[in-house]
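Rule-based calculations on the coordinates, nothing more; no lab input. Everything numeric in this text was worked out from a predicted model, so none of it was measured. Here the Cβ positions follow ideal geometry from the backbone for every residue, glycine too, while neighbour counts run over all protein chains shown.
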Amino acid sequence: MFNYFLLILSAINATSIKKMNIKRFLSVALLVALLSLLPQLLFAKTEKDKITVVLDPGHGGKDFGACENGAKEKDINLAVAKKLRSLIECELSDVKVVMTRNEDTYLTLQQRADVANSNKGDLFMSIHVNSIDKKTKGREYTHGSSVYVLGLHRDQDNMKVAMRENAVIELESDYKEKYSGFDPSKDESYIIFEMAQKRNLGESIRIASDAQNELVTTAGRSNRGVRQAGFWVLWATSMPAVLVELDFICNKEAVNFMLSDKGVDKLAHSLLNSIKKFVERRR
Ligand SMILES: [Zn+2]
């Protein structure tokens, strides 16, 4: 802005300033200052024009998520989401970030979706850490990232992940009425997801693929691929939506990475890069 000011001011040469009286000079200076602001006023994006990205750190409060190896899933999710928020705010001026939670607070799945829908989100990204059934052999060696979009479970493993993430619904005493008869432990409940989010599925898959590639290349996670499963939050949000499983809490090495500053930074940068690509498509 100051450059514009100088440019216009330099157009008024010293001789003409001498000829003006002080009152007239101040009026001209004010006009010049207003003119120099014009480009900013014309091209500045208002809050309304911004792309809204809703970040959803999974679990929180009395809902710990998966817990193992000295780590709580809810804390890792929040640390990565907060880092991602600050990266977006620094690097993407035309993006507004909305967080479903900023602290260690409990939210129902429906409340998370309500935050995304009422803020008219353009993208919903839910952040989680994966785990495996405690009876599964070799679970301590299981590792890698996967990014989910809404869909029918293609295999038992995807179904189990969705069931685990949806199970928080059971913490609500009246969940059967509230969630329209949805029972997170019954496979047939997931059939309702079949037609949902169809119009957003293409974009959701694009974001999921970019995030998955970035988690492998930028954060060095092993690739468990883009998957489909019936997550309540993905169904209840009316925008492109993905659910990220950063890595496994049952794997000590993965936990150490996710708890470290370097790990949080790399994971957040991976997700940032996928959001940058999404924003480019929207511009
Ligand atoms: Zn989770």
### Task
Under a cut-off of 15 Å between alpha-carbon atoms, report the aspartates and glutamates in cross-link reach of residue 137, not counting same-chain residues fewer than 8 places apart.
157
### Using θ = phi - 60° and Karplus 6.51 cos²θ - 1.76 cosθ + 1.60, couplings along segment 61-78 (whole Hz; Gly, Pro as x)
x, 6, 9, 7, x, 6, 10, 5, 6, x, 10, 10, 4, 4, 6, 5, 4, 5
### Query
Under a 5 Å amide H to amide H cut-off, with H placed in plane at 1.01 Å, what residues pair with residue 132 once short-range neighbours are removed?
250
### Query
Along the charge dipole of segment 47-282, which of 117, 231, 241 sits closest to the positive end, that is, farthest toward it, with unit charges on the beta carbon of Lys, Arg, Asp and Glu (+1, +1, -1, -1)?
241
### Task
Determine, for each peptide in 242-248, 29-35, the mean count of other beta carbons within 10 angstrom over its residues, then list the peptides with the highest first.
242-248, 29-35
### Task
Excluding residues on the same chain fewer than 8 positions from residue 50, give the aspartates and glutamates whose Cα lies under 18 Å from its Cα.
89, 91, 94, 122, 280
### Query
Which distance in nm do the two modelled labels at residue 139 and residue 252 give, with both placed 7 Å along the Cα-to-Cβ direction?
1.7 nm
### Task
Could you run the Karplus curve 6.51 cos²θ - 1.76 cosθ + 1.60 with θ = phi - 60° over segment 218-223 and give me ³J(HN,Hα) per residue in whole Hz, x for Gly and Pro?
8, 9, x, 7, 7, 8
### Message
I need the calculated FRET efficiency for the pair residue 159 and residue 199, taking r as the beta carbon distance and R₀ as 22 Å, to the nearest 0.05.
### Response
0.35
### Message
7 Å from Cα along Cα→Cβ at both residue 183 and residue 261: what's the point-to-point distance in nm?
### Response
5.0 nm
### Message
Using a Cα-Cα cut-off of under 19 Å, which aspartates and glutamates could be cross-linked to residue 62, ignoring same-chain neighbours fewer than 8 residues away?
### Response
73, 75, 103, 104, 165, 170, 172, 174
#### Entry: Cα centroid of segment 101-151 to Cα centroid of segment 46-94, whole Å
10 Å
### Message
Quick check: residue separation of residue 27 and residue 89 times 0.36 nm, minus the Cα distance between them. What number comes out in nm?
### Response
18.5 nm
### Query
What is the gain in length, in nm to one decimal, between residue 111 and residue 174 on full extension, counting 0.36 nm per residue of separation less the C-alpha to C-alpha distance?
21.2 nm
### Query
How far apart, in nm, are the 7 Å Cα→Cβ label points at residue 167 and residue 62?
1.7 nm
### Query
Do you know the relative contact order of segment 47-282, to the nearest whole percent, from alpha carbon pairs under 8 angstrom that are 6+ apart?
30 percent
